[in-house]
Amino acid sequence: MEHKEYNAIHKSVRKKDAMQLLLGKPVYTDDVRPKDALVVKILRSPHANAIVESVNTKAAKLIPGVVDIYTWEDVPATRFAIAGQTYPEPSPYDRLILDRHVRFAGDAVAIIAAETEAAALKAMKIIKVTYKVLDAVLDFRTAKDNPVLVHPEEDWFPPCEVGGDPKRNMVASDVDSHGDVDRILDECEVVLDRTYHTKAFNQAMMEPFTCYSSMDRYGRLHVISSTQIVFHTRRILSRALGIPKSQIRVEKPRIGGGFGAKQTAVCDVYPAFVTMKTGRPASITYTREESQIAGSPRHEMEVRIRLGATKEGKIRAIDLYTLSNTGAYGEHGPTTVGLSGHKSIPMYTGGLEAFRFAYDVVYTNHQAAGAYRGYGATQGIFALESIVSELAEQLGMDATVIRDMNMVKEGMVMPAYYNEVASACALDRCMEHCRQMFGWEEKYPVRDMGNGKVRTAGVAMGMQGSCISNVDVGSATIKLSEDGTYNLIIGAADMGTGCDTILAQMVAECMDCNVEDVAVFGADTDVSPYDSGSYASSTTYITGKAVEKACADLKKRICSIASDMLNCSEEEVVFERGRVRRIETEEKVSLTDIAYKTQVFNTKPAEATATHSSPVSPPPYMVGMVEIELDKLTGKVDIIDYMAVVDCGIPINPALARIQTEGGIVQGIGHTLMENVTYDKAGKPIESSFMQYKVPTRLDMGKLKVEFEHSYEPTGPFGAKSIGEIVINTPAPAIAHAIYRATGVWHRELPITPEKIAMSIVEE
């Protein structure tokens, strides 16, 4: 589509922190913690479900360098949630800092504070714990109404009513529908009934969970954390520790990746508690094993779909039920599950007459799940896109054609997406563009490559959102500096996504300056204006709009100051690049002069703060096509080509948008082919290191190509939508489709490992 020419946006500008990263100078949490900070370690339960009867720390406390050891007897008895969510949280308050009742293998039993890591680890080995081991709920399919309760306590508290009931091991439950699903399914000529299963994949970010805390010079708790949610973390700590928010400051340095894991305050309360008890700086850094077994992985989900269609391929009804395993604590369980239906079913609005979407979120004695890029949509889209491909194959139709017939198009009302209108939707153009660039007609047929190897292709569509509608809040403060440059202060968290750069580009566009003239700071609860945080793909869409509004306000303020200097009314002046001009006389004052004027006998601030929220969440859309080579003897799958075309509105920075897409695709490839989560008899994850938990490398990604089809979202800044999450949603169903084409076997559980493929071929 045609779009206007911009000065600063829609340009591939270098990231603000690019040179720091290249020169090895970025400032992460580990770079700013004081050398004398106490080392905090967590003694963890080996049992999936148990009562701690006693903890003998006497000998451990005698070890030189051990400052103190804390158990459930030492911590506040106030339950809280660690999910980064807007208050009142949908997640139940079901945690204590330390609890006698440990609910998964890896749950915290004791907090060790020591002068050195060696002392802390030595203490950990000699602490004597007596457990009363209980039966555990280790299969989420049996959790609902199981006689074994994960949370039998009476002080379990839900801030929001989302259908939870701890006496049934339920965290959330709901049903949404439109039309008479059962009647239409009865009328359909073709009805498919399938069940799909995705596991609890780990984010595997480079920087593990880490945080340090200290008491500042005013006697306040100062927390520096690798977090996506500084304001939510402050609220979480306030409740957990029982101190006012005014006595807590939370800030983030550079973040070494998050992918949603750091939307949960996984580790922050432990050093904060130690600092409050000792008055000393304290720090914690999870090992890779801890990050794997006590982190915040994707929710394991089982999705059952009944899909009804005509023999010509028109999809008339979708009945989707999701069972989600939240693990031992509620965390993001109530919020992620909704996306499994609301971010999948709307893609087939085109001919859909009825839908029903129901879900249950259940407790089990596994580590608690949390947010992960895609946030529930990934699981739902794998299921729905797979069953649509199954329908196409059963009807003998081209999988792209059946999607053309049924996909949502611009202007359609989406009943399964809260009746939002697809105001900016280029999904049809994405499909055609991808089909042409990929060479679908040539790559789709199965080709025998000899030596037991075949090549073929698969396809999938995806959608996401651009915020949590009617919830997320973004804010920005922009200040004019003395030399005519600008300071942008935000509460959003750049975790490698480039949001600092993208928001600076928006300032540059609004204020008609260079991107280099904009310094970005964030995020700090003492300094930044309130922002929900960087999650749910909200930063560009929500915080970006706040930036746009703040710039408009600042322009007015600058013009007001300038009009005083020019002895005229505000209506007589115009803001121009680097100056304000009086229209009638052509008199001009520079931004530098205006900035200096604000410092002398002035009552008008040269800064502005704006806040934005949205009643809608415009979906970005994506089409992905993959060519694979499959070895029928070994089951090994090699990615040859992956072509993606994305509609994210107007990409503010095409280079960063492309990088986001490539990264998400590679993560999706990992989920599909190699990342596995299994448990031993005690319910502990076996894949506790990168020796067992395989993540994709550049050798596994094949040839990636990413292009864009532009739409213009009228509610977004400069027509932009989100891109951060949607990019992970198409690999799994596209690769599963290609594997079926190569083998004649559908795999409905992720990951699809070589062993599974080889064994399925043998069984056939």
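The values are calculated or read from the model by the stated rules, or taken from the named source; none is laboratory data. Owing to the predicted nature of the structure, the values given are computational and were not obtained by experimental measurement. Note that we place each Cβ from the backbone using ideal geometry, even for glycine, and neighbour counts take in every protein chain shown.
Key figures for this structure:
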read-out	value
Segment 248-260: number of residues that are closer than 22 Å to Tyr93 by Cβ and out of contact with any helix residue (DSSP H, G or I) (no Cβ under 8 Å at 6 or more places or on another chain)	1
Some residue of segment 74-88 being aliphatic (A, V, I, L, M), assigned to a loop (DSSP other than H, G, I, E, B) and within 30 Å of the chain's Cα centre (by Cα)	yes
Candidates Asp68, Asp74, Asp107 - the one that is acidic (Asp, Glu), surrounded by 24 or more Cβ atoms within 10 Å (Cβ to Cβ) and farther than 19 Å from Pro158 by Cα	Asp107
Number of positions in segment 268-324 that are among the small types (Gly, Ala, Ser), outside any helix (DSSP H, G or I) and touching a Pro at 6+ places or on another chain (Cβ under 6 Å)	2
Looking only at segment 24-38, and only at residues there that are assigned to a loop (DSSP other than H, G, I, E, B) and at pLDDT 90 or above, the one that is surrounded by the most Cβ atoms within 10 Å (Cβ to Cβ)	Arg33
Residue satisfying all of: in segment 271-310; crowded, with 19+ Cβ neighbours inside 10 Å and charged (D, E, K, R); nearest to Ala369 (Cα to Cα) among these	Arg298
Residues that are assigned to a helix (DSSP H, G or I) and either free of Cβ contacts under 8 Å to residues at least 40 places away in the same chain or at negative phi (or both), drawn from segment 710-730	Pro717, Ile726, Val727, Ile728
Residue ID - nearest to Asp531 (Cα to Cα), chosen from residues in segment 215-229 that are touching a Leu at 6+ places or on another chain (Cβ under 8 Å) and surrounded by fewer than 24 Cβ atoms within 10 Å (Cβ to Cβ)	Leu221
Those residues of segment 703-739 which are hydroxyl-bearing (Ser, Thr, Tyr) and under 23 Å from the mean Cα position of the chain (by Cα), in sequence order	Thr715, Ser722, Thr730
Cys513 more than 30 Å from Thr264 (Cα to Cα), touching a residue at least 60 places away in the same chain (Cβ under 8 Å) and of a type in the set (A, V, I, L, M, F, W, C)	yes
Ile669 being modelled with pLDDT of 95 or more, over 29 Å from Pro714 (Cβ atoms), surrounded by 24 or more Cβ atoms within 10 Å (Cβ to Cβ) and not charged (D, E, K, R)	yes
Segment 253-269: number of residues that are touching a strand residue (DSSP E or B) at 6+ places or on another chain (Cβ under 6 Å) and buried (at least 24 other Cβ atoms within 10 Å of the Cβ)	3
From the options Ser173, Ser177, residue that is at negative phi, surrounded by fewer than 17 Cβ atoms within 10 Å (Cβ to Cβ) and within 28 Å of the chain's Cα centre (by Cα)	Ser177
In segment 405-430, residue surrounded by the fewest Cβ atoms within 10 Å (Cβ to Cβ) [restricted to those that are of a type in the set (Asp, Glu) and touching a residue at least 60 places away in the same chain (Cβ under 8 Å)]	Glu410
Meets criteria (in contact with a Leu (Cβ under 6 Å, 6 or more places away or on another chain) and crowded, with 24+ Cβ neighbours inside 10 Å) for Gly313	no
Residue match in segment 522-532 (condition: in contact with a Gly (Cβ under 7 Å, 6 or more places away or on another chain) and hydrophobic (A, V, I, L, M, F, W, C))	yes
Given (1) surrounded by fewer than 23 Cβ atoms within 10 Å (Cβ to Cβ); (2) touching a Ser or Thr at 6+ places or on another chain (Cβ under 8 Å), index of the condition Cys467 fails	(1)
